[in-house]
Amino acid sequence: MTDLETIVELSHEFGSDAYVKGGGGNTSVKNETTLWVKPSGTTLGGLTTETFVAMNRAKINELYTVETPAEATAREELVKNMMAAAVENDAGRPSVEAPLHNVFEAKFVVHTHPALVNGLSCAKEGQAACERLFPEALWVEYIDPGYTLCMEVRERIEAYKAANGKEPALLMLQNHGIFIAADTPDEIRALYKRVMDTLNAEYTKAGIFLTLNVAKAPLSSEMEQKIKSVFGADAAFIASSGMFAVAPGPITPDHLVYSKAFPYTGRTLTTEGAEAYKAERGYAPKVIVNGERIYGIGNSQKNADLALELAQDGALVMQLARAFGGINYMTDAQREFIENWEVESYRSKQV
């Protein structure tokens, strides 16, 4: 089996619902000259050897030395253009985290956002718990994704190598997810198994269920029609379930992309209420709590399904985080960066 075939196999294995939702997560494999990385907006489960973006590592390395503008939009545009120049095939736009994958010396890198992991990474006492449970891990506090995160993590990895004589195989990003890097697929699998087994045991010890309880409630075609009437094209398609404890704030970039930071709740289901929400937030909601059901809405069925799926995932993360001091929400500045980031807008449009 070639290395590219191996990373496809790993991508499918770690592209299940237990590890990522929607187009979340990314994978890569590298040799001395080339980095093959997942295209932005695609799913891990849908990757083939032909769909990986091939990138010139020497050109990616130039990103680490270039003087970038201080202004975020200009900086990200420059980095995006430099990444485009490094692409050597027509497989699409590379994951924004490609430069971070390139930092690792290890051949294979698998980055995911499991709810079990984010119960730790999104918790108030997450860092202390990570240091206790995974002392070999490198924990990085929340940093805006993209170039800023890459450069900071690159420095942290260099410091880790100086102190430990090797790079970290496990990187935990606050309110984001996990990177695991290794030279063989068996090492990737073994590390992930240890992380997931350890966290499973911690949640069980704390008496916290590993699945989300979704109450049963009858479907209401009348309510769905009302939602479509109130929200118009933004609710052209609807997915719904019974009640669960929807997170009242932003948890991770993926939750922001697919289900937005705040659900529509506690307001009357009227045009005036919808307009008031949009005036306050600057966009229509993706998740609506009303009556005995919770609704995901979107301009396609896939978008509506993902809105509901990520809302449920966020609720599970919030539930699991109780084992480590409760949920730690993203700040307004962190949320606003994601909401206004062209990269995430692009990723969302690929759905």
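The values are calculated or read from the model by the stated rules, or taken from the named source; none is laboratory data. Keep in mind the model is a prediction, meaning the values are calculated, not measured. No Cβ is skipped: glycine too gets one built from the backbone with ideal geometry, and neighbour counts run over all protein chains shown.
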Legend entry - Test: residue in the range 142-161 that is of a type in the set (Phe, Trp, Tyr) and at pLDDT below 95: yes
Legend entry - Any hit, the range 283-302, residues being under 16 Å from the mean Cα position of the chain (by Cα), within 23 Å of residue 24 (Cα to Cα) and part of a helix (DSSP H, G or I): no
Inset, instruction - Determine, yes or no, whether residue 305 is among the acidic types (Asp, Glu) and crowded, with 22+ Cβ neighbours inside 10 Å. - result: no
Inset, instruction - Assess whether residue 88 counts as being surrounded by 14 or more Cβ atoms within 10 Å (Cβ to Cβ), assigned by TED's automatic domain parsing to the domain that holds residue 7 and closer than 15 Å to residue 146 by Cα. - result: no
Inset, instruction - Pull up the range 260-282, narrow it to residues that are surrounded by 20 or more Cβ atoms within 10 Å (Cβ to Cβ) and not aromatic (Phe, Trp, Tyr), then point me to the one that is farthest from the chain's Cα centre (by Cα). - result: 274
Legend entry - Close pairs (6 angstrom Cβ cut-off, 6 or more residues apart or separate chains): outside the structural domain of residue 243 (by TED's automatic domain parsing) and within 10 Å of residue 115 (Cβ to Cβ) in the range 303-325, crowded, with 24+ Cβ neighbours inside 10 Å and modelled with pLDDT of 95 or more anywhere: none
Legend entry - Meets criteria (surrounded by 19 or more Cβ atoms within 10 Å (Cβ to Cβ) and at pLDDT below 95) for residue 21: yes
Legend entry - Filtered residue count, the range 24-45, keeping only those that are surrounded by fewer than 17 Cβ atoms within 10 Å (Cβ to Cβ) and within 17 Å of the chain's Cα centre (by Cα): 1
Inset, instruction - Mind counting the residues in the range 323-347 that are modelled with pLDDT under 75, surrounded by fewer than 20 Cβ atoms within 10 Å (Cβ to Cβ) and either charged (D, E, K, R) or within 12 Å of residue 256 (Cα to Cα) (or both)? - result: 2
Legend entry - Qualifying residue in the range 258-275 (condition: farther than 28 Å from residue 328 by Cα, assigned to a strand (DSSP E or B) and either of a type outside the set (Ser, Thr, Tyr) or in contact with a Cys (Cβ under 7 Å, 6 or more places away or on another chain) (or both)): no
Inset, instruction - Would you check which residues across the range 115-134 are more than 12 Å from the chain's Cα centre (by Cα), in a helix (DSSP H, G or I) and either modelled with pLDDT under 95 or within 14 Å of residue 192 (Cα to Cα) (or both) and list them? - result: 116, 133
Inset, instruction - Filter the range 198-239 down to residues that are modelled with pLDDT of 95 or more and of a type in the set (Ser, Thr, Tyr) and give me whichever is nearest to residue 284 (Cα to Cα). - result: 229
